[in-house]
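Inspection log for the structure reproduced underneath, given as structure tokens.
The values are calculated or read from the model by the stated rules, or taken from the named source; none is laboratory data. Please read these numbers as outputs of a predicted model, since none were measured by experiment. So basically every Cβ, Gly included, is an ideal-geometry build from the backbone, and we count neighbours across all protein chains shown.
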Amino acid sequence: MKRIIQYLLTASLLLGGCVAARGQAKVYTKGFLLEDFPSAIVKVIPTGNVLFDMDFKTAITESWTLSPWEMCDVDDFTRARTEPDSYVLSIVSSGGLVFLSLDKGGKEDDANKRRRPFNVAALPLATLENFGMGEYSLLPVWLDILQDYVSAAIENEKIAYAGLKYRNNQKLPEQYSVATFTPTKPSKGDFSYTLWYDEESHELYRYEKHRFNGREFK
């Protein structure tokens with residue numbers, strides 16, 4: 001499983017970039033680029049861990065309503081990540097953490113910047129050393145948060161560009177849950193993530209990340 005996660009990470013890191021376009025000062029906004037999401041087929045890439053993938057598929061079957069989806073394999077992922085009309089939902093690892101990542105496909109060198117890839121959003125599931133031991137139980141919550149963000153981003157450019165931090169100024173309710181993800185042996189440049197959310201409605205209230213400067217997360 002570790003080999004597959006590392007492969008997915010390498011491929012996912014190719015799915016990032018800006019969305020400005022050349023020619024007559026035309027700019028393709030992130031919200032505009034996401035307009036095709038409700039009609040696109042999301043490619044869901046399994047990790048290779050049979051037990052986790054069963055939970056992964058169950059959570060998606062029960063929670064994913066924003067667009068069509070289908071389970072794929074690594075070969076499908078290789079193709080989808082270069083196709084500008086494809087979206088990929090996968091599990092990737094970086095900086096000692098494991099993430100649920102949603103990416104739009106494309107080619108980095110495409111002359112049409114509208115067809116270049118970018119990361120839509122990523123949410124931490126667990127630390128790498130604990131992944132597969134039950135710490136990914138928040139998967140259904142994170143799937144709902146991803147869908148909520150994409151739906152809102154399509155309608156509101158401010159939300160699209162603010163990303164998952166768009167609710168950070170929202171006042172916390174009396175009852176909420178907190179999830180924190182921090183590598184136990186961080187390297188300089190690694191991140192720590194904290195999310196405040198509603199356990200029942202799956203609403204995200206706040207989302208923060210801090211970079212490790214070699215001594216502490218700031």
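Here are a few things to note about the model shown:
- Here segment 170-207 is the region considered, the condition is being farther than 19 Å from Gln147 by Cα and of a type in the set (Asp, Glu), and the residue that is surrounded by the most Cβ atoms within 10 Å (Cβ to Cβ) is Asp190.
- The residue list Leu8, Leu14, Leu33 contains one member that is modelled with pLDDT under 85 and surrounded by fewer than 19 Cβ atoms within 10 Å (Cβ to Cβ), which is Leu14.
- Residue check for Glu199: within 30 Å of Ile41 (Cβ to Cβ) and over 16 Å from the mean Cα position of the chain (by Cα): no
- For segment 60-75, residues that are modelled with pLDDT under 90 and either surrounded by 11 or more Cβ atoms within 10 Å (Cβ to Cβ) or over 17 Å from Ser90 (Cα atoms) (or both) total 3.
- Count of residues meeting criterion [over 30 Å from Lys107 (Cβ atoms) and without any contact (Cβ under 8 Å) to a residue 40 or more places away in the chain] in segment 118-130: 1
Per-residue answers, yes or no, for (1) at pLDDT below 90; (2) closer than 22 Å to His202 by Cβ; (3) assigned to a strand (DSSP E or B):
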| site | (1), (2), (3) |
| --- | --- |
| Phe77 | yes, no, no |
| Thr82 | yes, no, no |
| Glu108 | yes, no, no |
| Leu143 | no, yes, no |
| Gln147 | no, yes, no |
| Ile154 | yes, yes, no |
| Leu164 | yes, yes, no |
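- Test: residue in segment 131-139 that is in contact (Cβ under 8 Å) with a residue 24 or more places away in the chain and of a type in the set (S, T, N, Q): no
- Of all residues in segment 141-157, those that are free of Cβ contacts under 8 Å to residues at least 60 places away in the same chain have Cβ atoms under 8 Å from Cβ atoms of residues that are surrounded by fewer than 17 Cβ atoms within 10 Å (Cβ to Cβ) and assigned to a helix (DSSP H, G or I), 6 or more apart or on another chain, in Tyr149/Gly163.
- Subset of segment 122-148 that is of a type in the set (Ser, Thr, Tyr) and closer than 18 Å to Glu62 by Cα - its residue that is farthest from the chain's Cα centre (by Cα): Ser137
- Of Lys43, Lys57, Lys107, Lys113, all but one fail to be crowded, with 18+ Cβ neighbours inside 10 Å, free of Cβ contacts under 8 Å to residues at least 60 places away in the same chain and over 26 Å from Thr194 (Cβ atoms); the exception is Lys43.
- Of all residues in segment 170-218, none satisfies the criterion of being in contact with an Asp or Glu (Cβ under 6 Å, 6 or more places away or on another chain) and of a type in the set (Asp, Glu).
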